[in-house]
Amino acid sequence: MRYLLVCLCLLPFLVKAQEDTTVRKKSQWSLLVGTGASYQFARDRGMSSLRYKGVQTASQAELLWIRPKSEHRLVGRFDYGTLESERNGAEVTAYRGGGYYRFLHKGPSFWKNRLHLSYGGTLDGFWNLRYHTGYSNNAYNNEFYLSLAPAAQIAFPFRLFKQQFTLSYTAHLPLATYVVRQGFSGTYFDAFINEEVDGVKGALQSGYMSGWGTFRRYYSEFGLEYTLKNGNGMRVVYTWDYYRLNSRYNPVEAGLKGGLFSIIYQF
Amino acid sequence: MKKIVVLALLALSLGSCHKNLVEPEKEEISGVENFDYVWNTIDQKYSFFTDKNIDWDAIREEYRPKARTARTTLELFDVIADMLFELEDGHVNLSAGFDLSRNWEWYLNYPQNFNYTVLERNYWVQDYQISGPFHNAIIDSVGYIYYESFSDEINESLLNYLILKFNDRRYNSQGIVCKGIIIDVRNNGGGLVNGAELFAGRFADKKTLVSTRLYKNGPGHDDFSKPHDEYIEPVGDERYTKPVVVLTNRSCYSATNFFANSMKHFPNVTLMGDSTGGGGGLPINDEMPLGWRFRFSTTKSFDSEGNNLEFGVAPDIFVNMDSEDEKNGIDTILEEALFFIKNQ
């Protein structure tokens, strides 16, 4: 396993470039595979009044399509770890899976053409499962959110030691979200009653649309990308992700911050 | 326009440096704040206020001043525990490291109708085995199973074995086919409802509607979902449709209560002994700001005739343990069950 990881890290340097230039082609596809860790804070009032926090492992895969005037990014991510209450030491096993499709259109440049602004939108979905190890009938606490959000990015490409780097900051703020939370006083979904609609379909049918007032999320990431001449590279990202469901009953808020190291394979 | 976007991005990036994404609990939380959290949660989510005619607002008026004047955490625990006691529900507890509050009047105020020692010494003799969680024997040509807790996981192959033992002469040392089975769930305080359904499915001849369950779906005391129908379906390779007697007492609670109700709906099954203790609501847990955990019922269930299962399941044949019999090592209820099956 260790050798596999070393090989994966070295692969971008070993793969022979098709073109010895950093000039962007008309259309460029890349695959990014990354791993890292995140720190999650969560308070789910459907489950407890207490805040839970802990370290999680994170893994992510991205498919990136860069065109002369736009960028398309399809991302899948999974976080897993144990959260603990400082108050009573209780533990919650947290699973978080999600992903997004982000479209960015290249906008104006400024500061002597060094800073590049892009803007567009994101379709973002994520699912949380918090398993309270001390509970019985309401141990499994699920939620799912699917959002439409405007997105923007500032990128600052620069050279250092004759190497090409790009520093970027990207954010998106959901304006409309489809919220799926389990029942008012338990872990069932309304559509499950009498199994009118079962499974994932039933859960999704139990949701509702929410605007900025009810569901607020701030998603942002700082990235530093190192690009080789062959187009491959590496990227380090710091993600800061906070959301709050301001429902009158059973509100939930959670924040996640973490780092991710990714290898970029151009193909 | 681009300046606005850049400024917004800068503001967001500064916000990203915020240390605590979700604020921790306050260091000092008053007794009243903790009391209010429990009172409000129960007020919105507890399922039996109307059925038990409980004036929850009056209870708040009575206990909140006591929470305000509680000087120690022990005193606060007692105040909240006393408040929860008023719900008269065995599924309601307050749990701190030093104590677990409870209301066990559902069986303490009634005859026990069970004596483990009498069973162990005088009845669990012939073909007696401990098969996983099941004590089982053949008593006077009648199969007998004692199941102590639905928290003990039920194994499908074990159930197959037990049914074969009583129904196939090759599987017991006496070489007999039993006339019926007695399932003794006295003193079984409950556990996993799924286990109860799995066990009952062995005695079902067809898919049978046994209860309807309503989930609390809003903060009002009468906010419930539409009824969810609960069925028991025939389960497993080996099933038993000959005479069965289920022995119950007031210590049968929760999952055992559901089991007794399910079994009562099958034509070959007779309930005997005392009423079950109840426990017809599925409980959920919550945690107070102080860190203590509490539990309460959030559903209610009714049998197919509309009886509220929170108040127990009545037996088909009431039998109480005779104290003189007990002194002489005789289990009156079990003897009645043996007589009943042998005369079918």
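The values are calculated or read from the model by the stated rules, or taken from the named source; none is laboratory data. This one's a predicted model, so the numbers in the text were calculated from it and none came from an experiment. Cβ sites come from the backbone with ideal geometry, for glycine too, and all protein chains shown count toward neighbours. All accessible areas refer to the heavy atoms of the entire protein, side chains included, with ligands and DNA or RNA removed. Shrake-Rupley method; radii C 1.70, N 1.55, O 1.52, S 1.80 Å.
Over all orientations, the stretch A:111-267 has a Cα convex hull whose mean projected area works out to 12.9 square nanometres. Taken over the C-alpha atoms, chain A has Rg and Dmax values of 20.6, 66 angstrom. Over the C-alpha atoms of the stretch A:22-170, the Rg to Rh ratio, Rh being the Kirkwood estimate, stands at 1.09.
The calculated FRET efficiency for B:N109 paired with B:E62, based on their beta-carbon distance and R0 = 25 Å, is about 0.65.
For chain A, adding -39500 (n - 2.57) for each run of n ≥ 4 DSSP H residues and dividing by the number of residues yields -2000 deg cm²/dmol at 222 nm. For the listed residue pairs B:K216/B:K300; B:K179/B:K206; B:K226/B:K300; A:K229/A:K257, the alpha carbons are over 20 angstrom apart in B:K179/B:K206; A:K229/A:K257. Per-residue surface analysis assigns B:R295 an accessible area of about 60 Å², computed on protein heavy atoms at 1.4 Å probe radius.
Taking every Cα-Cα distance in chain B and sorting them into 10 Å bins from zero, the calculated P(r) comes out as 5, 22, 26, 19, 14, 8, 4, 2, 1, 0 percent.
From the P(r) of the stretch B:43-143, could you give the percentage of C-alpha pairs in the tail past 16 Å? Value for the stretch B:43-143: 71 percent of Cα pairs lie more than 16 Å apart.
What the Cα atoms of the stretch B:163-316 give is an Rg and a Dmax of 17.6, 62 Å. Per residue, how much space in cubic angstrom lies within the convex hull of the C-alpha atoms of the stretch B:174-231? It is 144 Å³ per residue. Each Lys or Arg adds one and each Asp or Glu subtracts one; over the other residues with Cβ under 12 Å from the Cβ of B:M272, this totals -4. Normalised by residue number, the volume inside the convex hull of the Cα atoms of the stretch B:283-332 is 143 Å³ per residue. Extension gain for the segment A:Y249 to A:K162, taken as residue separation times 0.36 nm less the Cα-Cα distance, is 25.7 nm to one decimal. Calculate for chain B the 222 nm mean residue ellipticity that helices alone would give, adding -39,500 (n - 2.57) per DSSP H run of length 4 or more and normalising by residue count, nearest 500 deg cm²/dmol. Taken over chain B, the calculation gives -9500 deg cm²/dmol.
Which of rounded, prolate or oblate describes the stretch A:31-104 when judged by the alpha-carbon gyration tensor and an a/c cut-off of 1.5? Judged from the Cα gyration tensor, the stretch A:31-104 comes out prolate (a/c at least 1.5, a/b above b/c). When the surface is traced with a 1.4 Å probe over the full set of protein chains, A:T133 keeps roughly 70 Å² accessible. Remark on the stretch B:201-255: Rg and Dmax equal 15.9, 47 Å (Cα only).
Legend: translational diffusion of the stretch B:57-103 by Stokes-Einstein, Rh = Kirkwood radius over C-alpha pairs, 4 °C, 1.567 mPa s; D = 118 µm²/s.
Computed from Cα positions, the angle between helix A:2-14 and the longest principal axis of chain A comes to roughly 40 degrees. From the P(r) of the stretch B:98-252, can you give the percent of Cα pairs sitting at distances over 29 Å? The proportion of pairs with Cα distances above 29 Å equals 28 percent. Counting each pair of different Cα atoms once, what's the Kirkwood radius of the protein assembly as shown in Å, rounded to one decimal? Roughly 28.3 Å, rounded to one decimal. Here's the list of aspartates and glutamates a cross-link from B:K26 could span, going by alpha-carbon distance under 19 Å and ignoring same-chain residues fewer than 8 apart: A:D44, A:E84, A:E86, A:E253, B:D36, B:D286, B:E287.
In the stretch B:134-224, one over the average inverse separation of all distinct C-alpha pairs is 15.4 Å, which is the Kirkwood hydrodynamic radius. In the assembled protein chains, B:I139 presents an accessible area of approximately 20 Å² (probe radius 1.4 Å).
Residues A:M234, B:M263, sorted by accessible area with the largest first, give A:M234, B:M263 [1.4 Å probe; ligands and nucleic acids excluded]. Scattering from the stretch A:138-198 was approximated by placing one identical point on each alpha carbon and applying the Debye formula without solvent; log10 I(q)/I(0) at 0.27 1/Å stands at -1.07. Listed by chain and number, the aspartates and glutamates whose alpha-carbon sits under 18 Å from that of A:K201, ignoring those within fewer than 8 places in the same chain, are A:E143, A:D190. In a solvent-free Debye calculation with one equal scatterer on each Cα, what is log10 I(q)/I(0) for the stretch A:91-195 at q = 0.12, 0.23 Å⁻¹, listed in the order of the q values? Each listed q maps to, in turn, -0.63, -1.16.
Kirkwood radius and radius of gyration were both taken over the C-alpha atoms of the stretch B:129-176, and their ratio Rg/Rh is 0.97.
Each of B:H91, B:L119, B:W106 was placed along the dipole of the stretch B:46-126 (beta-carbon charges, centred on the mean Cα), and the one lying farthest toward the positive end is B:L119. Farthest toward the positive end of the dipole of the stretch A:23-161, out of A:N113, A:N128, A:S49, is the Cα of A:N113, where the dipole comes from beta carbon charges about the Cα centre.
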